[in-house]
1. Once you sort the root eigenvalues of the Cα gyration tensor of segment 4-150 as a ≥ b ≥ c, which label holds: rounded (a/c under 1.5), prolate (a/b larger than b/c) or oblate (the other case)?
2. Give the long-range amide H neighbours of I131: residues separated by 5 or more places, or on another chain, with amide H under 5 Å away, using H modelled in the peptide plane at 1.01 Å from N.
3. Under the rule a/c < 1.5 gives rounded, and otherwise a/b versus b/c splits prolate from oblate, where does segment 174-235 land using the Cα gyration tensor?
4. Just to check I understand the Karplus step: with θ = phi - 60° and J = 6.51 cos²θ - 1.76 cosθ + 1.60, what whole-Hz values come out for segment 31-36, glycine and proline as x?
5. Among T22, L69, T32, flag the residue with its Cα farthest along the positive direction of the charge dipole of segment 19-69, charges on Cβ as +1 for Lys/Arg and -1 for Asp/Glu.
6. Could you pull out every residue, at least 5 positions away or on a different chain, whose amide H is within less than 5 Å of the one on S140? Hs are placed 1.01 Å off N in the peptide plane, and Pro or chain starts have none.
7. Amide H neighbours of A21 under 5 Å, at least 5 residues apart or on other chains, H built in the peptide plane: list them.
8. Treating the beta-carbon of each Lys and Arg as +1 and of each Asp and Glu as -1, no other charges, what is the dipole magnitude of segment 1-106 about its Cα centre, to the nearest 20 debye?
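The values are calculated or read from the model by the stated rules, or taken from the named source; none is laboratory data. As the structure is a prediction and not an experimental result, all values here were calculated from the model. Virtual Cβ from ideal backbone geometry, glycine too; neighbours counted across all protein chains shown. These accessible areas exclude ligands, DNA and RNA; they are computed on the full protein's heavy atoms, side chains included. Shrake-Rupley method; radii C 1.70, N 1.55, O 1.52, S 1.80 Å.
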Amino acid sequence: MRTELFRAARLVELFRTCKIATMPELKAALGTKVDLTVFRKLKEVGYRTSYSHRGGYYTLNEIALFNDLGLWSFRAVWFSRYGTLVRTCEAFVTGSEAGYFAEELDNVLHVETKAALLNLFRATRVSREAISGRYLYCSSEPGVREHQVGVRRSQESKSSLSGSVFGGEEVPDELRARVILYFSLLDEKQRRLYAGLESLKLGYGGDRKVAEFLGMDPHTVARGREQLLAGEFERGRSRRPGAGRKPVEKKRRK
């Protein structure tokens with residue numbers, strides 16, 4: 001009778017002690033230098049590969065306790081019920097209510113997903129739609145995609161009405177340039193009122209934040225805000241009556 005040289009029980013013992021392991025650690029536990037031998041023994045006990053760290057970690061099915069999203073992590077190594085990163089991205093995108101922007105999915109999965117999403121799009125396994133200057137990844141099924149895009153556009157519309165680009169988050173250079181260009185086209189009164197409106201959206205500390213963004217005096221922003229609240233402004237007039245420089249009279253030669 002042939003003696004079994006490599007026993008899967010050694011891998012089980014390692015996983016129960018360490019929860020996760022790399023290929024070199026698994027080969028050391030079995031006493032082999034061959035990857036194929038490790039995979040053969042892993043198949044006997046049932047295993048999963050991490051979607052983070054380029055699939056460099058392994059665990060047992062019985063150890064991975066997935067949360068409601070189908071994710072499990074140990075020591076910042078992430079595993080998915082769906083398997084690889086590509087399959088996980090596909091499952092999240094197709095099953096979402098409003099699709100996903102790449103940066104949103106990055107935050108959910110704790111890894112960068114842009115390359116995986118692009119591969120899925122090129123393989124027509126997901127679709128994408130340009131919204132607010134970014135690509136929204138959606139289901140490849142037309143009906144589901146239409147619903148996801150509709151929900152997202154509604155969310156973006158509500159966000160744009162209540163939000164402000166002058167908040168604490170970093171503003172993209174392109175958006176900043178557009179705001180400054182728009183601001184430069186306004187007259188003095190319009191600039192003051194626009195700055196006051198954005199300050200009202202931000203609430204406490206808004207005068208300072210808007211002033212720093214637009215290069216204004218905080219007191220000017222505050223005056224615009226106060227004028228909006230009081231309704232103290234007239235159409236076609238930039239300054240209050242009597243404000244501004246005094247007219248210069250021409251002197252006649254005697």
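1. Numbers: a/c = 2.92, a/b = 2.67, b/c = 1.10.
Since a/c reaches 1.5 and a/b is larger than b/c, the shape of segment 4-150 is classed as prolate.
2. Sorted by chain and number, the residues that satisfy this are L136.
3. Numbers: a/c = 1.98, a/b = 1.24, b/c = 1.60.
Cα axes put segment 174-235 in the oblate bin.
4. x, 9, 10, 10, 4, 4
5. Positive-end residue among those listed: T32.
6. S127
7. Here the answer is Y58, since their amide H atoms fall under 5 Å of that of A21.
8. Numbers: 15 positive and 12 negative charges, 170 e Å.
Its charge dipole is roughly 820 debye.
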